[in-house]
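So the structure is just underneath, and the comments pick up after that.
The values are calculated or read from the model by the stated rules, or taken from the named source; none is laboratory data. Remember, predicted model here, so these are calculated numbers, not experimental data. Quick reminder, even Gly has a Cβ in these numbers, built from the backbone with ideal geometry, and neighbours come from all protein chains shown. Heavy atoms of the whole protein, side chains included, go into the accessibility calculation; ligands, DNA and RNA do not. Shrake-Rupley method; radii C 1.70, N 1.55, O 1.52, S 1.80 Å.
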Amino acid sequence: TQPAVVQDGMIKVSLLDRFCASVVEALCLAPDDTAAARMTGEDFIRAVNAANLFVIPLDVEGGWFRYHHLFRDLLRSQLEQRHTPTEIAVLHMRISEWLESQGLITESIEHALAADETMRAAEIIEAHRHHEFLADRWYVVERWLALLAPNVKRERPELLLSEAWIASCKHQMTRIPAIVEQVESVI
């Protein structure tokens with residue numbers, strides 16, 4: 001019973017575990033939308049809250065929300081029925097770009113992988129690994145690397161060097177020479 005623009009937004013937003021007005025706009029507003037088809041993220045959140053559409057607030061300020069998990073599953077099945085895998089991949093990449101711009105790197109990597117953009121996920125890791133290493137959060141980079149297939153890591157010297165750094169942090173010095181050999185063979 002919702003307007004088409006709200007229905008479309010609800011279905012697209014179901015790709016997210018949590019959402020705010022800004023990510024709704026990044027995901028739902030295409031540059032070629034007509035003024036009549038535009039809805040701000042705030043408008044969307046007001047509409048779904050007013051209609052009591054299984055939206056759960058996640059913070060006191062009312063900035064972040066999520067759908068009830070069963071409702072989200074229903075919306076995701078609608079998304080798969082209404083959109084092609086290519087269109088869904090484009091949505092995942094929009095989400096990934098927004099998340100990266102907000103410093104939500106783990107989620108950004110996950111959405112890049114959901115879009116089957118493995119190389120983009122590797123680039124995100126390469127771009128943000130130094131910050132985590134400098135903050136002594138090598139374990140975060142280790143989790144990011146675990147998301148990638150082994151063949152992707154073997155092809156990228158920066159990711160291999162990250163593995164060597166992690167091995168050093170974990171005092172696994174015997175692993176480092178083999179990793180350095182792999183780096184040399186790739187280069």
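Points to keep in mind about this one:
- For the chain, accessible area per residue (1.4 Å probe, heavy atoms of protein chains only), Å²: 56
- Under the simplified labelling scheme, the His69-Leu147 pair shows an inter-label distance of 2.0 nm, with each label point 7 Å from Cα along Cα→Cβ.
- Two-site FRET efficiency, Asp59 against Ala26, from Cβ-Cβ distance with R₀ of 30 Å, rounded to 0.05: 0.95
- Fully extended contour minus Cα-Cα distance, from Tyr139 to Glu181, at 0.36 nm per residue: 12.8 nm
- Remark: relative contact order (the range 32-187) = 11 percent; criterion is Cα-Cα distance under 8 angstrom and separation of 6 or more residues.
- If you plug the beta carbon distance of Glu42 and Cys169 into 1/(1 + (r/R0)^6) with R0 = 30 Å, you get a FRET efficiency near 0.10.
- Distance between modelled label sites at Asn49 and Thr118, nm, 7 Å Cα→Cβ extension: 4.2
- Solvent-accessible area of His69 with every protein chain in place, 1.4 Å probe, in Å² to the nearest 10: 90
- At q = 0.08, 0.12 Å⁻¹, base-10 log of I(q)/I(0) for the chain (Debye sum, equal scatterers on each alpha carbon): -0.34, -0.67
- Thr174, Thr40, ranked by accessible area, largest first (probe 1.4 Å): Thr174, Thr40
- Helix 41-50 and the longest principal axis of the C-alpha atoms of the chain enclose an angle of approximately 60°.
- Using the rule -39500 (n - 2.57) for each DSSP H run of four or more residues, divided by the residues of the chain, the 222 nm mean residue ellipticity is -20000 deg cm²/dmol.
- Using a Förster distance of 30 Å, the FRET efficiency for Glu158-Asp17 (Cβ separation, nearest 0.05): 0.60
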